[in-house]
Amino acid sequence: MRIFICGFGTVGQGFAEVIAQRREFLEERYGCPVLITGAMDSRTYVIDRDGLDPIALVDRKKVTGRVGEDEYSDSVDVLEQAAYDILVEVSPTDVKTGGAGLRNITHALESGKDVITVNKGPLALKFHDLITLAKRNRCKFRFEGSVGGAMPIINLCRENLRGERIESIRGIFNGTCNFILSKMDKGQPFDQALKEAQQMGYAETDPTNDIEGYDSACKVAILANSVFGRNVTFDDVRITGITGITDEAIALAASRNMVIRLIGEVSETKLEVGPRLVPRGHPLSISGTLNTAQIISDLAGPITVSGRGAGRIETASAILSDLISIMDERTE
Ligand code: HSE
């Protein structure tokens, strides 16, 4: 099995490390070598049909800031040259156009390759085009880590809960906002809390995407499409971020034994992200950087999940689970 990693930031490097950790397990399970035959960051690339050492790739990126020695001008040209079976697309999210990620995924699916991504832009903007393309070309296309990082949600709803009629999902889908709001609960100013979240590596490249609610809105759109079978994009989500939340509002909520949390809500008819009052002790009142979601379905009733919504190894764990599903299907 040959893997190409597109995007070699936090998640790409984490995935390379996870492959190194799980290589023996994968090779024993499938009886074939599992190779990384190419990797690309925003400027450089490296390709080797015989397989690259994942840890050497991570080390080179750490020392030189580049994953490869050669520079490229068009990522699709690099993919054309590479020999791979599965594209792992983890380049930075672009919620306006889908960015290079959309081109890379489209190219891979058009070439008959399976794709795993956590890149929210392409999924929040062109979900139906991509699913249709994948089906037409009989490609597997999975994206568990795009919502909630390590927190199981998409495959949980689509696979484990496949007999259920899911009525709604409400959740905290952005760790940066939750961290800021939790700190504000304790009296810390907004700007200082945001700075801390950025230092922890949680915030998006442009933190506006977090605090204005755009990152949560992408996730809500992805859930609407993948779990509810709707045909929506990021632009259909009613979004309010957390920049307008004052210390007074937080104090007023506290005086009523409530907290303010940025909640994403999705159902057959709802598609919203906004600050909500949540009673203390409610599953959606959690503090810190965790993500959490409450799924309401007709037979099972409420199911609550929570987990780390970001992080190099945590997000890579979701990619690994998609990789195993694809490899299981390929060897059936
Ligand atoms: N910026 C996101 C968050 C990370 O703060 O939760 C992954 O989407």
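The values are calculated or read from the model by the stated rules, or taken from the named source; none is laboratory data. A quick note: this is a predicted structure, and the numbers were derived from the prediction, not measured. Here Cβ is always computed from backbone atoms with ideal geometry, including for glycine, and neighbour counts include all displayed protein chains.
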Tell me, yes or no, whether segment 249-266 has at least one residue that is of a type in the set (S, T, Y), outside the structural domain of Q13 (by TED's automatic domain parsing) and under 23 Å from the mean Cα position of the chain (by Cα).
-> no
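Yes/no per residue for (1) within 13 Å of the ligand (Cβ to nearest atom); (2) farther than 23 Å from I250 by Cα; (3) in the same structural domain as V115 (by TED's automatic domain parsing):
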position	(1), (2), (3)
G274	no, no, no
N291	yes, no, no
S297	no, yes, no
S325	no, yes, yes
Does M184 meet the test of being in the same structural domain as P302 (by TED's automatic domain parsing) and in contact with a strand residue (DSSP E or B) (Cβ under 9 Å, 6 or more places away or on another chain)?
-> yes
Filtering segment 166-198 down to residues that are in a strand (DSSP E or B) and of a type in the set (A, V, I, L, M, F, W, C) yields I166, I169, I172
Any chance T93 is of a type in the set (V, I, T) and within 16 Å of the ligand (Cβ to nearest atom) | yes
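If I go through segment 106-140 residue by residue, how many of them are assigned to a helix (DSSP H, G or I) and more than 16 Å from R2 (Cα to Cα)?
Initial filter on segment 106-140 (assigned to a helix (DSSP H, G or I)): 106-110, 120-136.
Retained after the next criterion (residues that are more than 16 Å from R2 (Cα to Cα)): 106-107, 110, 120-136.
Number satisfying all stated conditions: 20.
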What is the residue count in segment 176-192 for residues that are among the hydrophobic types (A, V, I, L, M, F, W, C) and within 13 Å of the ligand (Cβ to nearest atom)?
-> 4
L284 vs. criteria under 20 Å from T176 (Cα atoms), touching a Cys at 6+ places or on another chain (Cβ under 9 Å) and not polar (S, T, N, Q) | no
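A quick yes/no check of all residues on (1) within 16 Å of the ligand (Cβ to nearest atom); (2) within 28 Å of L52 (Cα to Cα); (3) surrounded by fewer than 22 Cβ atoms within 10 Å (Cβ to Cβ):
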{"residue": "D70", "(1), (2), (3)": "no, yes, yes"}
{"residue": "D74", "(1), (2), (3)": "no, yes, yes"}
{"residue": "L79", "(1), (2), (3)": "no, yes, no"}
{"residue": "D85", "(1), (2), (3)": "no, yes, yes"}
{"residue": "G112", "(1), (2), (3)": "no, yes, yes"}
{"residue": "T117", "(1), (2), (3)": "yes, yes, no"}
{"residue": "D129", "(1), (2), (3)": "no, no, yes"}
{"residue": "C139", "(1), (2), (3)": "no, yes, yes"}
Checked segment 193-242 for anything near the ligand (Cβ under 10 Å from one of its atoms) and hydrophobic (A, V, I, L, M, F, W, C); matches are A197, M200, A203, I211, C218
Regarding V63, is this residue under 30 Å from D215 (Cβ atoms) and either more than 21 Å from the chain's Cα centre (by Cα) or in contact (Cβ under 8 Å) with a residue 24 or more places away in the chain (or both)?
-> no
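Which of the residues spanning segment 87-97 are modelled with pLDDT of 95 or more and buried (at least 17 other Cβ atoms within 10 Å of the Cβ)?
Answer for segment 87-97, where residues must be modelled with pLDDT of 95 or more and buried (at least 17 other Cβ atoms within 10 Å of the Cβ): L87, V88, E89, V90, S91.
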Of everything in segment 207-226 that's in contact (Cβ under 8 Å) with a residue 24 or more places away in the chain and among the β-branched types (V, I, T), which residue is surrounded by the most Cβ atoms within 10 Å (Cβ to Cβ)?
-> V220
So which of G163, G145, G149 ends up being part of a loop (DSSP other than H, G, I, E, B), within 16 Å of the ligand (Cβ to nearest atom) and of a type outside the set (A, V, I, L, M, F, W, C)?
-> G149
